[in-house]
Amino acid sequence: MNGSLYIIAFGLLLLSFIKDRKKTYKALKKAYKSFIKNLKMLMGMMILMGVIFSIINADLIGQLFGKESGLLGILLGLGIGSVSFIPSFIAFPLGATLIENGAGYPQVAGFISSLMGVGIVSLPMEIEYFGKKAAILRNIFAVIASILFIAVVGGLL
């Protein structure tokens, strides 16, 4: 699937280039500048998260999110997930590791759902692209959705 998307994107770029070389060049230049600008922010966020996760390992998080931690563990999971910046292909195995280390399902649900939905670390970038009001509202709704998810997981298990 990924390969076909690249082929489609390259084909459309080629079509654009054939239609109007000047506009295509201008668009590519603008995209490059935007990529470099975003890369700087992303690198900063990734370095911050790397430092945090070198200090706080999965075993410690598992202890903090233990089944006995109750509401405090859930709130901690929501908080840590909200300020973390981890791709989903790392987050889901991390969630499994947390559960294997004794973390409770509602605590991990809060962590993973807020990790995927809430973006405190990426908020400045969101504000820049979507505006302050939209970025803040999106994050508020993501927290609400995470709380609802925790309630569902806690009620079902």
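The values are calculated or read from the model by the stated rules, or taken from the named source; none is laboratory data. Everything numeric here is computed off the predicted structure, so don't read it as measured data. So basically every Cβ, Gly included, is an ideal-geometry build from the backbone, and we count neighbours across all protein chains shown.
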Can you find even one residue in region 120-137 that is within 20 Å of MET41 (Cα to Cα), under 16 Å from the mean Cα position of the chain (by Cα), modelled with pLDDT of 90 or more and not in a helix (DSSP H, G or I)?
no
Does ILE80 meet the test of being closer than 21 Å to ALA151 by Cα, surrounded by 11 or more Cβ atoms within 10 Å (Cβ to Cβ) and touching a residue at least 40 places away in the same chain (Cβ under 8 Å)?
no
Of the conditions (1) surrounded by fewer than 16 Cβ atoms within 10 Å (Cβ to Cβ); (2) over 30 Å from LYS37 (Cα atoms), ILE55 clears all except one; give me its number.
(2)
Contacts under 6 angstrom Cβ, first residue in region 36-48 being among the aliphatic types (A, V, I, L, M), partner modelled with pLDDT of 75 or more, 6 or more apart
MET41/MET125; MET45/PHE85; MET45/VAL121
Can you tell me which residue in region 87-138 is surrounded by the fewest Cβ atoms within 10 Å (Cβ to Cβ), limited to those that are touching a residue at least 24 places away in the same chain (Cβ under 8 Å), over 22 Å from LEU71 (Cα atoms) and hydrophobic (A, V, I, L, M, F, W, C)?
MET125
Could you list, in sequence order, the residues of region 31-73 that are at pLDDT below 70 and of a type outside the set (Val, Ile, Thr)?
MET45, MET49, PHE53, ASN57, ALA58, ASP59, GLY62
